[in-house]
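Reviewing the structure listed below.
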Amino acid sequence: MGTRTGLGSRVPGSAAPPAPAPRAGGRAAQGRLAYKLLHDLFDNYSSALRPVDDTDRALNVTLQITLSQIIDMDERNQVLTSYLWVRQAWLDAFLAWDKDAYGGIDSIRVPSSYVWRPDIVLYNKADEQLSGPTETNVVLRSDGRIVWDAPAITKSSCKVDVSFFPFDGQQCRLTFGSWTYDGNQVDLHNRLDAGDLTDFVENVEWEVLGMPATRNVVTYGCCSEPYPDVTYTLLLKRRASFYIFNLLLPCILISFLAPLGFYLPADSGEKVSLGVTVLLALTVFQLLVAESMPPAESVPLIGKYYIATMTMITASTALTIFIMSIHHCGPGARPVPRWARRLILHYMARIFLVYEVGESCKGARPRRAGTEEPGGTGAAEERAGARGGCACPHGMLLSNVGYIAGCFREQRAAQRRASDWKKVAKVMDRFFMWVFFVMVFLMSALIVGKAV
């Protein structure tokens, strides 16, 4: 690598700089030497060819990525927008000089368009525009080494797995490689084992766990030459606080309202309305989650919770309708079966503390329908028959009184049957209320346990 001293050519793409006016002092001398060095370096230099002495040797290029900011993660379109600092370094065999011959100048900075640059691109780019790094200056050193630092806003495709949303983590890959040069011409290496995160600006939604780098050599089906690339894997973990307080917690609170529908009195007329209102509220939250998620086969964790809760509320509404039909059994209904009377009215009523007005757990059992009170009309008739005579001088009057007493007995028996069915409905309400409370608690504990 010899030092060139020709001054007849101009820098490609630029006009020849005017000669500086002579000034006294070392700074003016350094300026003249820098202009002379610039002309000497780019005399007959072409930025179109690979700068190697031996064309059979590969040019080593090192790559270093610094993650500055995560701008956006579009889960629905599976696109990651990030702000990167890209540093590329290589050795140009035609841009070396003897720094002693130029007043000790060890490095200069020139526009990047003046020198040959490797065509390193982002393979998994998802941007419509094919723009590369910003046209910044490059640093030339006296040994021919070139360092090019350029910022870039990249949009890369990222396979998003939302199975555990909002407690999910993502792995987004950024694959860099040469677009036209194979491994025999440009050999790409990563300078560090991981991306640099020292200047990373914290993101409100995502936490960066790391950014390991790996070098791969791939042989594609179109070509027999190897193509090296460097892949940076961005490890992200979602900050779930926003989704817990805005999507998950309201759903949990609403789901706890569903079992309370069994506690409402059947005569209020609001039992079914409460279940339908809760179901509609959960449907709204389900639509909010579906709008931000990609249309994939995997259902997010919060979506499964919504579906399970909506299924539970639908079942509770159906059971409420069934229990209300039992509650409103009229006087013409059949008596409560013996097994139901023993299981529901005897055991379950005590377990769930369901008593009628004036009845307690230590009170006497309720009389069965048709049981006559002492001293009633039937007892008076038996006493009259035992004396062998009529208690009333008019037999027709006694017959009418007996008919009226029979009607009262039938009416009381019908009221007792209706009261028993109402009590059965009330016991079933309490039973299903606790069953659904336990189900809501277990589902909520399961979904919250994923966050730990």
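Please treat every number below as a calculation from the coordinates, not as lab data. Note that this is a predicted model, so its numbers are computed, not measured. As a convention, Cβ positions derive from the backbone with ideal geometry for all residues, glycine included, and neighbour counts pool all protein chains shown.
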Selected from Leu188, Leu174, Gly103, residue furthest toward positive end of dipole (segment 41-238; charges at beta carbon): Leu174
5 Å is the cut-off here: which amide hydrogens, built 1.01 Å from N in the peptide plane, fall below it relative to Ala194, excluding neighbours closer than 5 in sequence? Ala213
Work from the charge dipole of segment 41-238 (Cβ charges, +1 for Lys and Arg, -1 for Asp and Glu, about the Cα centre) and give the residue of Pro212, Asn124, Val160 farthest towards its positive end. Val160
Across bins of 5 angstrom width beginning at 0, how are the C-alpha pair distances of segment 54-134 distributed, in whole percent? 3, 9, 16, 19, 16, 13, 9, 7, 5, 3, 1, 0, 0
Dipole in debye (nearest 20) - segment 41-238, about Cα centre, beta carbon charges: Lys, Arg +1; Asp, Glu -1: 180 debye
Could you go through segment 262-267 in sequence order and give the Karplus-derived ³J(HN,Hα) for each residue, using 6.51 cos²θ - 1.76 cosθ + 1.60 with θ = phi - 60°, rounded to whole Hz, and x for Gly and Pro? 6, 7, 5, x, 5, 7
Between Leu260 and Val204, what is the label-to-label distance in nm when each label sits 7 Å out along the Cα-to-Cβ direction? 3.2 nm
List nothing, just return the count: lysine pairs in segment 41-238, 8 or more apart or interchain, with Cα separation under 27 Å. 5
Which of the aspartates and glutamates could a cross-linker span from Lys271 if the Cα-Cα distance has to be under 14 Å and same-chain partners fewer than 8 positions apart are dropped? Asp429
Starting at the first residue of segment 423-434, write each ³J(HN,Hα) from the Karplus equation 6.51 cos²θ - 1.76 cosθ + 1.60 with θ = phi - 60°, in whole Hz, x for Gly and Pro. 5, 4, 5, 5, 5, 5, 4, 5, 4, 5, 4, 6
Scalar couplings 3J(HN,Hα) for segment 137-148 by Karplus 6.51 cos²θ - 1.76 cosθ + 1.60 (θ = phi - 60°), nearest whole Hz, x for Gly and Pro, are 6, 10, 9, 9, 10, 5, 7, x, 7, 10, 10, 10
Taking 0.36 nm per residue of separation between Ala152 and Val218 and subtracting their Cα-Cα distance, the length gained on full extension comes to 21.2 nm
